[in-house]
Every structure is written in C-alpha cells, then in structure tokens.
1. Restricted to the stretch B:13-29, and to residues that are among the aliphatic types (A, V, I, L, M) and outside any helix (DSSP H, G or I), which residue is farthest from ligand 4 (Cβ to nearest atom)?
2. Counting only residues that are open to solvent by 60 Å² or more (accessible area, probe 1.4 Å) and of a type outside the set (S, T, N, Q), which one in the stretch B:78-103 is nearest to A:TYR79 (Cα to Cα)?
3. Just to be sure I understand, how many residues within the stretch B:120-134 are within 9 Å of chain A (Cβ to nearest Cβ) and free of Cβ contacts under 8 Å to residues at least 24 places away in the same chain?
4. In the stretch B:104-118, what residues are in a loop (DSSP other than H, G, I, E, B), out of contact with any Ser or Thr (no Cβ under 9 Å at 6 or more places or on another chain) and exposed (fewer than 13 other Cβ atoms within 10 Å of the Cβ)?
5. Let me spell it out: the conditions are (1) of a type in the set (D, E, K, R); (2) in the same structural domain as A:ILE127 (by TED's automatic domain parsing); (3) in a helix (DSSP H, G or I), and A:ASP99 meets all of them except one. Which number is the exception?
6. Kindly provide the set of residues from the stretch B:12-46 that are more than 16 Å from ligand 2 (Cβ to nearest atom), closer than 25 Å to B:THR71 by Cα and of a type outside the set (A, V, I, L, M), ordered by number.
7. Looking only at the stretch A:54-80, count how many residues are out of contact with any strand residue (DSSP E or B) (no Cβ under 8 Å at 6 or more places or on another chain), assigned to a loop (DSSP other than H, G, I, E, B) and not small (Gly, Ala, Ser).
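The values are calculated or read from the model by the stated rules, or taken from the named source; none is laboratory data. Just so we're clear, the structure is a prediction, and the values are computed from it rather than from any experiment. Reconstructed Cβ throughout: ideal geometry from the backbone, glycine too, with neighbour counts over all protein chains shown. Please note that ligands, DNA and RNA were not included when accessible areas were found on the heavy atoms of the full protein model with its side chains. Shrake-Rupley method; radii C 1.70, N 1.55, O 1.52, S 1.80 Å.
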Number of protein chains: 2
Amino acid sequence: MEKYAKLLKKHGIKVTPQRLEILKYLNENHNHPTAFQIFSNLKERNPSFSKTTVYNTLEMLKAHKLIQVLTISESELRYEFDNKLHHHFLCKKCGKISDIDVQCPFFEKMLDSEYKVEEVHGYFKGICTRCSKEEELKSET
Amino acid sequence: MEKYAKLLKKHGIKVTPQRLEILKYLNENHNHPTAFQIFSNLKERNPSFSKTTVYNTLEMLKAHKLIQVLTISESELRYEFDNKLHHHFLCKKCGKISDIDVQCPFFEKMLDSEYKVEEVHGYFKGICTRCSKEEELKSET
DNA sequence: GTACTAAATAGGAATCGCTACAAAATGGGA
DNA sequence: TCCCATTTTGTAGCGATTCCTATTTAGTAC
Ligand SMILES: [Mn+2]
Ligand SMILES: [Mn+2]
Ligand SMILES: [Zn+2]
Ligand SMILES: [Zn+2]
C-alpha cells in the first residue's frame with residue numbers, strides 16, 4: 001500500500017484512503033473495469049464509499065497520466081492502471097477486453113506531425129476465441 | 001439521390017425517404033457527426049423527422065457495414081459514411097475529428113490470430129494544429 | 001488539545017446520450 | 001381499393017456521468 005502513497009506524493013496528489021483503494025483495485029484487476037465496477041467492489045468493504053469519489057479520483061489520476069481511459073466500448077468508459085503502449089481487443093459478444101501486445105508504428109511519426117499527440121489507442125473489435133468456439137458448438141447441433 | 005437508393009437495394013434494405021436523407025447527409029458531411037447532429041439538421045427541413053429513426057437507421061447501416069461507428073469521443077458516438085480503413089485524430093480542445101490516412105499494419109496479422117476481427121480503430125488524441133497555434137498566441141501576450 | 005481552514009468525500013439530484021415501446025403512418029401487393 | 005407488414009414518430013425510460021451541497025477529514029496555528 002505504501003507504493004501507491006509514494007506514487008501519489010510524487011505527483012503532488014494528496015494521499016487519502018479512498019485514492020489508495022482505487023489505485024490498489026486498478027493494480028490488482030487488469031480487466032479494464034468500468035467506474036461502476038470499481039465503485040461497487042470498493043463499496044462492499046466500505047459501504048460509505050461514494051460514486052462521486054470514484055469519478056473524481058479517476059479524473060485526477062487521468063489528468064496526471066497515472067491511468068489510461070479506454071473508449072473502446074460504445075456505452076461506457078473503461079479504466080486501466082497499466083499505461084504502457086498496447087492495443088486492445090473487444091469481444092462484441094461477451095464484452096471482454098483483452099490486451100494486444102503491439103505498439104502503433106505511426107506514433108513516432110505523429111509526434112513529428114502538425115498534431116500534438118497525447119494519447120494513442122488501437123482497438124480491434126469482433127468475437128473472441130472462447131465465443132467463437134461456443135458458436136461453432138451451437139451450429140453443430 | 002438515386003445512388004443511395006441503389007446502395008440500399010443492393011443490401012436488401014427497403015428504401016425510405018428518411019434513410020436516403022441520412023445517407024445523403026453522411027455523404028455530404030465528412031465531419032464525423034453525432035446522431036444528434038444528423039437528427040437536428042434533418043429536422044430543420046422535415047420537422048417530423050424522428051430521433052428514433054436516426055438511431056434505427058444508423059444501427060441498420062452499421063449492421064450492413066455501410067457506415068462506421070467511431071468510439072473516439074468519451075461521451076458520444078460519431079458516424080461516418082466512408083468505411084475504408086483509416087485512423088483518426090481527436091482534438092481535446094475543439095473536439096474536431098480529423099482523418100489520418102494510415103492503415104493499421106497489424107490488421108492482417110490479427111485476421112490470422114485466434115480472434116475474429118471485424119473492426120479496426122486507430123485513434124490519436126491531443127491538440128490540433130489550429131488550437132496549438134491559438135495557445136501559442138495567448139502565451140505570447 | 002482546540003480552533004480554524006481548505007480540501008476531500010458522501011449522497012442525492014440532475015443531465016444527457018441512447019433505447020424501448022406503442023400508436024400512427026406508409027407503401028407495396030392482392 | 002383494401003390489407004398487412006414495415007417504418008416512422010413521439011414519448012417514456014434507462015444508465016453512465018456530472019453537478020451540487022452538506023458533512024467529514026486532515027493539516028496548521030495557537
Ligand atoms: Mn490494457
Ligand atoms: Mn474518418
Ligand atoms: Zn467473447
Ligand atoms: Zn482543436
């Protein structure tokens with residue numbers, strides 16, 4: 001827990017129990033959770049945990065580039081602690097988001113372009129392995 | 001207008017005035033509009049134009065892969081008629097979305113992978129040229 | 001330890017993009 | 001023309017996010 005406190009201090013962010021909990025949750029859950037998933041999980045242990053605090057904290061962590069916000073879903077934002085460059089795959093059937101370990105080769109070029117690039121997102125969408133197999137089984141009957 | 005009708009017929013979609021209007025609007029406005037922008041523009045000429053029709057039609061066009069849905073914004077979906085592979089840049093200041101004419105080099109590889117890829121999205125986010133210059137001018141005062 | 005103060009949190013209301021639903025309109029075929 | 005399936009419309013509803021304000025917390029000075 002001390003490492004999260006250090007991280008926050010390093011960025012000049014005041015350390016609070018709620019912020020530590022959110023950081024810990026993101027670090028231990030690499031499934032790109034929604035704000036609501038974070039909220040409801042933390043609320044279980046601390047019933048007074050507030051939804052607003054989750055949104056405020058995520059906003060602040062994002063501003064300090066400590067977390068990444070994914071707009072891969074059409075209906076809600078997904079968050080992740082890991083902020084090194086990688087792509088994502090969204091299964092349209094089960095909703096699972098997987099990491100794809102490649103880096104955009106245009107990133108460097110874009111840095112030299114007329115645009116001031118701050119974020120790079122690579123999203124693939126389709127059907128995941130598990131769901132594809134399930135579909136095959138169904139069609140065989 | 002006849003070309004839109006042909007396009008719809010080719011895909012087995014029944015031709016209606018509303019669908020033609022939406023296709024025409026998307027073809028003539030390459031600024032990746034929101035559903036609401038489409039709706040309010042078409043409503044000006046035809047006051048009974050319905051929001052639901054816009055969403056239904058966009059959903060149908062998307063299902064037939066006639067249009068692309070962009071999840072680049074954090075708050076709303078953007079639509080475009082052009083469905084050939086290209087990337088996008090979102091300016092966080094003015095909200096403008098620009099086309100970046102590159103193709104994801106991982107697309108082919110992903111097609112051979114365990115995933116069944118149906119969509120590829122490449123998003124860059126930051127500050128556009130115009131907004132960067134405006135910022136410079138401000139700081140010079 | 002107490003008092004003061006600014007920042008953070010909690011809880012609820014409000015907003016907004018999108019969807020669901022049912023009634024009315026449309027339009028092609030008998 | 002009449003029928004019936006499809007489409008459109010208008011409204012209500014939903015869910016993710018934001019806004020607002022009272023309360024709590026935590027740091028500082030006395
Ligand atoms: Mn990831
Ligand atoms: Mn485009
Ligand atoms: Zn799946
Ligand atoms: Zn801009």
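1. Of all residues in the stretch B:13-29, those among the aliphatic types (A, V, I, L, M) come to B:13, B:15, B:20, B:22-23, B:26.
Next, only the ones that are outside any helix (DSSP H, G or I) stay: B:13, B:15.
Numbers: B:ILE13: 36, B:VAL15: 38 Å.
Only one residue tops the list, namely B:VAL15.
2. Initial filter on the stretch B:78-103 (open to solvent by 60 Å² or more (accessible area, probe 1.4 Å)): B:83-84, B:92-94, B:96, B:99, B:101, B:103.
From what is left, the residues that are of a type outside the set (S, T, N, Q) are B:84, B:92-94, B:96, B:99, B:101.
Values: B:LYS84: 29, B:LYS92: 18, B:LYS93: 22, B:CYS94: 24, B:LYS96: 24, B:ASP99: 26, B:ASP101: 28 Å.
Here the residue is B:LYS92.
3. Our first condition is that a residue be within 9 Å of chain A (Cβ to nearest Cβ); within the stretch B:120-134, this holds for B:120-129, B:131-132.
Still in the list and also free of Cβ contacts under 8 Å to residues at least 24 places away in the same chain: B:129, B:132.
Number of matching residues: 2.
4. B:PRO105, B:ASP112
5. Only one criterion in (1) of a type in the set (D, E, K, R); (2) in the same structural domain as A:ILE127 (by TED's automatic domain parsing); (3) in a helix (DSSP H, G or I) is unmet by A:ASP99, namely (3).
6. B:GLN18, B:ARG19, B:GLU21, B:LYS24, B:PHE36, B:PHE39, B:SER40, B:ASN41, B:LYS43
7. Taking the stretch A:54-80 as the starting set, the residues that turn out to be out of contact with any strand residue (DSSP E or B) (no Cβ under 8 Å at 6 or more places or on another chain) are A:54-57, A:59-61, A:63-66, A:75-76.
When the remaining residues are screened for being assigned to a loop (DSSP other than H, G, I, E, B), the result is A:64-66, A:75-76.
With the extra rule that they be not small (Gly, Ala, Ser), the set shrinks to A:64-66, A:76.
The qualifying residues number 4.
Residues checked against (1) over 30 Å from B:THR129 (Cβ atoms); (2) in contact with a Phe, Trp or Tyr (Cβ under 9 Å, 6 or more places away or on another chain); (3) touching a residue at least 40 places away in the same chain (Cβ under 8 Å); (4) hydroxyl-bearing (Ser, Thr, Tyr):
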residue: B:ARG45; (1), (2), (3), (4): yes, no, no, no
residue: B:MET60; (1), (2), (3), (4): yes, no, yes, no
residue: B:LYS92; (1), (2), (3), (4): no, no, no, no
residue: B:GLY95; (1), (2), (3), (4): no, no, no, no
